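Structure first, then comments.
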Amino acid sequence: MENVKEYIEGIKTIPWISFDELNNQIFFQQTSVDLKTNQRLSQIFSIDLISKKIEKVTSGFNDSIPKISPDGKFLAFIRTNEKTKGNKINSIFIKDFNKDYEFQLTEDFKSVKSSEDNSGLFNWDNSSSRLVYSFRVSNLNNLDLKPLVVKKIRYRHDALGWIGDIFNQIEIINVFDKSIISVPNSECDHLNPVFSNNDKLIAFITDAGDDRDTSWTQSIEIFNIDSRKILKIDQNFGGLFSLIWTEDDSKLIVFGSNNNKYSDKRISSLFSINLKNGEKVDLNINQVAFNSQPNLNFFSHITLSYTSKGVSFIADISLKNSKLKVLYGKESRINQVAYGNSNEKVFFVESSRNHHESICQYDRSSSNYELLYDSNEDLFQKIKVSRMEKFEINRSSYQIESRIFLPNDIDKNRKYPVIIDIHGGPHGRFEDQISISQELFTSNNFIVLAVNPRGSSSYGYDFLNEVLTDWGGEDYLDILDSIDELSKFNFIDPNRLGLYGHSYGGFMSSWIIGHSNRFKAAVVSAPCINLNSMSGTSDIGIKFGEEQWGGIRTFNVEKYLFNSPISYVENVKTPALILCGELDYRCPIEQAEQYFVALKRLNKNVQFVRYPDQNHQMLNQGKPDFVIDYWTRTINFFKEYLC
């Protein structure tokens with residue numbers, strides 16, 4: 001299907017930007033796809049803010065996360081190389097602008113990566129002479145197969161594969177002589193280190209603790225570079241994502257979870273920690289979803305982005321009253337912000353309904369907004385973007401918001417088939433942006449309904465927590481009632497409804513067809529099918545599963561079974577297409593296997609497609625030919641049963 005290839009090959013993303021205030025330029029990482037080599041590319045470019053000229057900065061095609069030194073003379077970045085078959089190493093490289101050459105700073109066996117986002121794993125000091133970084137040791141020489149001894153529950157991870165007894169460690173390295181200072185570590189992960197403003201201390205995130213295997217809580221520790229001593233901050237979080245020092249180094253601003261439950265970045269809150277007395281203050285009085293990121297500066301306030309009801313804003317927040325002063329927001333998603341010491345201009349990556357993954361600028365003095373670089377301008381000049389509308393329903397004390405995506409050339413005098421797109425999470429959310437999956441559906445003359453049911457992030461804590469231990473309950477009813485509301489539109493054909501979902505969305509699509517026969521087709525991607533078995537096979541089955549599904553599985557087998565789609569296969573009459581990566585450790589392929597066998601054994605209409613060497617992030621990070629196959633099969637399946 002040619003339009004699938006056009007989207008996958010044409011789309012670009014901008015995961016990271018870095019502002020060089022001294023030289024008035026932006027460095028940015030841009031990803032793309034090369035179908036000829038079947039590879040994903042990642043390159044680093046610069047924008048001169050005077051001439052607006054764009055240039056390629058580094059020589060590699062697997063370069064990421066550019067970070068300019070405070071003096072503007074060096075650019076640190078990650079270069080990914082496959083040192084041995086299947087063993088990719090993230091090394092820190094330095095681009096010396098005075099000498100115009102690049103050199104590798106870290107040793108080959110040290111890979112700067114973690115189970116979370118890698119953007120916070122390395123940072124400059126304020127003198128531009130040292131970097132602090134978190135890394136994992138990789139065995140480059142041992143290629144022989146051997147027994148793998150498991151001693152811990154957390155022995156593998158979807159993003160890392162086999163973990164075993166390997167932990168993230170922290171080192172400080174001198175850029176000029178490569179001398180190293182190591183931070184002591186004892187069987188725990190040390191992550192996202194950052195220098196204090198006086199360059200004497202390192203704050204970092206740790207998951208140290210006797211019960212780290214099951215509690216998954218994180219805390220903050222401070223390393224004194226001169227004394228080599230570590231200060232432990234007596235505050236625990238369900239998840240920590242990044243740390244920012246205040247001007248006088250007396251406090252830390254912390255992106256993290258609002259309680260000790262399992263957390264992901266989509267539900268990040270904001271706190272201040274007093275380093276003298278350990279006092280923690282929750283700054284999130286508005287219960288928004290802060291967009292967590294490293295490398296922000298603190299003045300008398302911090303400038304950041306947050307999302308509320310699926311719409312992003314840039315704002316200042318003060319420690320004195322925790323109030324948000326909104327600077328910018330216009331129905332879009334803001335991925336990252338960057339600014340200098342003057343904080344006169346704020347640069348950010350924005351995706352809206354008009355442009356996708358673009359670098360923009362907000363000027364404080366004039367309140368002017370400027371689009372500096374639209375990475376997908378050429379693509380969306382050739383392809384018409386869908387139209388988006390919104391509606392809400394009131395259900396069980398909550399406003400349930402939905403987005404409808406319509407073919408650009410829709411004729412509202414005819415009736416269209418509908419695909420209900422169900423997000424992952426369950427704490428994901430649909431936002432005001434261009435989504436490639438929804439564009440693929442609408443470009444093939446489907447209407448897309450995207451509901452944010454209870455459990456979705458950015459709608460407040462109560463709304464978020466409603467889904468806990470109730471998967472397939474009120475969230476399911478929110479979606480069904482939203483479909484009923486959509487069906488009132490004259491251009492909707494209520495007899496041609498399809499379901500699509502990945503991860504938790506795969507759970508919900510399989511749950512729905514086990515409880516309703518009104519749907520003509522369901523695509524079930526990387527699903528959660530049997531919660532009892534998933535609790536033991538998923539890399540997050542213990543911490544995440546016990547909080548989401550209702551306690552320790554051993555004592556709640558019937559509860560887990562009740563909330564499992566596998567329990568309702570006998571009711572299924574809807575044709576189903578199951579898709580899953582064979583290296584998915586988040587929603588393991590055994591979940592898809594169980595569902596396929598259970599349906600097939602009862603002679604149900606079901607297909608199963610397995611993608612070798614692909615994990616849970618296949619759609620964003622997987623082999624391009626597999627992604628094209630995935631979407632082509634999905635669209636053809638819906639065409640077969642809905643058109």
Next on the checklist: Quick check: convex hull over the Cα atoms of region 23-96, volume per residue in Å³, rounded to an integer?
Outcome noted: 91
Next on the checklist: I'd like the trypsin sites (Lys or Arg not before Pro) in region 1-41 restricted to DSSP loop residues with at most 13 other Cβ atoms within 10 Å, sorted by number.
Outcome noted: LYS36
Checklist entry - Can you give the direction-averaged projected area of the convex hull of the alpha-carbon atoms in region 530-643, in nm²? => result 7.8
Checklist outcome for this item: Among TYR611, TYR362, SER114, the residue whose Cα sits farthest towards the positive end of the charge dipole of the chain, when +1 is placed on the Cβ of each Lys and Arg and -1 on the Cβ of each Asp and Glu, is TYR611
Item to check | Within region 48-90: Cβ-based charge dipole about Cα centre, in debye rounded to nearest 20 (Lys, Arg +1; Asp, Glu -1) | outcome: 160
Item to check | Check: region 89-154 dipole with +1 on Lys, Arg Cβ and -1 on Asp, Glu Cβ, in debye | outcome: 460
Checklist entry - Name the residues of region 223-252 whose amide N is less than 19 Å from a point 7 angstrom out from the Cα of ASP282 along the C-beta direction? => result 234-242, 252
Checklist entry - For region 140-197, which chymotrypsin sites (Phe, Trp or Tyr not before Pro) are in a loop by DSSP, counting at most 12 other Cβ atoms within 10 Å? => result PHE176
Checklist outcome for this item: Along the dipole axis of the chain (charges at Cβ: +1 for Lys and Arg, -1 for Asp and Glu; origin at the Cα centre), the most positive-end residue among GLN591, SER196, SER516 is SER516
Item to check | Sparsely packed trypsin sites (Lys or Arg not before Pro) within region 269-332, loop by DSSP, other Cβ within 10 Å at most 16 | outcome: LYS276, LYS320, LYS323, LYS330
Checklist outcome for this item: Of the candidates TYR459, TYR476, SER375, the farthest towards the positive dipole end of the chain (Lys/Arg Cβ +1, Asp/Glu Cβ -1, centred on the Cα centre) is TYR476
Item to check | Highest-first arrangement of 407-418, 524-535, 466-477, where packing means the average Cβ count within 10 Å | outcome: 524-535, 466-477, 407-418
Checklist entry - Reachable lysines from LYS412, Cα under 21 Å, same-chain residues fewer than 8 places away excluded? => result LYS384, LYS390, LYS488, LYS639
Checklist entry - Over the chain, what relative contact order in percent results from Cα pairs under 8 Å that are six or more residues apart? => result 8
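I need the shape label for region 332-476. Rule: rounded when a/c is under 1.5, else prolate if a/b > b/c, else oblate, with a, b, c from the alpha carbon gyration tensor.
oblate
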Checklist entry - When the chain is fully extended, how far beyond the present Cα-Cα distance does ASP613 get from ASP248, taking 0.36 nm per residue of separation? => result 126.6 nm
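For region 391-435, how big is Rg over Rh, using alpha carbon atoms and the Kirkwood form of Rh?
Taking Rg over the Kirkwood Rh, I get 1.02.
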Item to check | Accessible carbon and sulfur surface of the chain relative to its total accessible area, %, 1.4 Å | outcome: 46
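At 0.36 nm per residue, minus the direct Cα-Cα distance, what do SER215 and LYS99 gain on full extension? Give it in nm, one decimal, please. Mind dumping the intermediate values first?
Details: separation 116, 0.36 × 116 = 41.76 nm, distance 4.88 nm.
Working it through step by step, the gained length comes to 36.9 nm.
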Checklist entry - Cα centroids of region 381-433 and region 343-377: how far apart, whole angstrom? => result 25
Next on the checklist: Give me the dipole magnitude in Debye, nearest 20, for region 168-227 about the Cα centre, with unit charges on the beta carbon: positive for Lys and Arg, negative for Asp and Glu.
Outcome noted: 260
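In square angstrom, what is the accessible area per residue of region 262-338 with a 1.4 angstrom probe?
Accessible area per residue: 40 Å².
Given all pairs of different Cα atoms, what value in angstroms does the Kirkwood hydrodynamic radius of region 435-559 take?
Over region 435-559, the inverse of the mean reciprocal pair distance is 15.9 Å.
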Checklist entry - Working out 0.36 nm times the residue gap between GLU331 and GLU570, then minus their Cα-Cα distance, what length gain in nm do you get to one decimal? => result 81.7 nm
Checklist entry - Per residue of the chain, what 222 nm ellipticity follows from adding -39500 (n - 2.57) for every DSSP H run with n ≥ 4, rounded to the nearest 500? => result -5000 deg cm²/dmol
Item to check | Reachable lysines, given that their alpha-carbon falls under 24 Å from the alpha-carbon of LYS280 and they are not under 8 places away in the same chain | outcome: LYS200, LYS229, LYS232, LYS251, LYS261, LYS265, LYS320, LYS323, LYS325, LYS543
Checklist entry - Out of (1) 31.4, 100; (2) 24.3, 75; (3) 32.8, 122, which label holds the value of Rg and Dmax of the Cα atoms in Å that was computed here? => result (2)
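The values are calculated or read from the model by the stated rules, or taken from the named source; none is laboratory data. A quick note: this is a predicted structure, and the numbers were derived from the prediction, not measured. With ideal geometry, Cβ positions are generated from the backbone for all residues, glycine too; neighbour counts draw on all protein chains shown. In case anyone asks, the SASA skips ligands and DNA or RNA and just uses the protein heavy atoms, side chains included. Shrake-Rupley method; radii C 1.70, N 1.55, O 1.52, S 1.80 Å.
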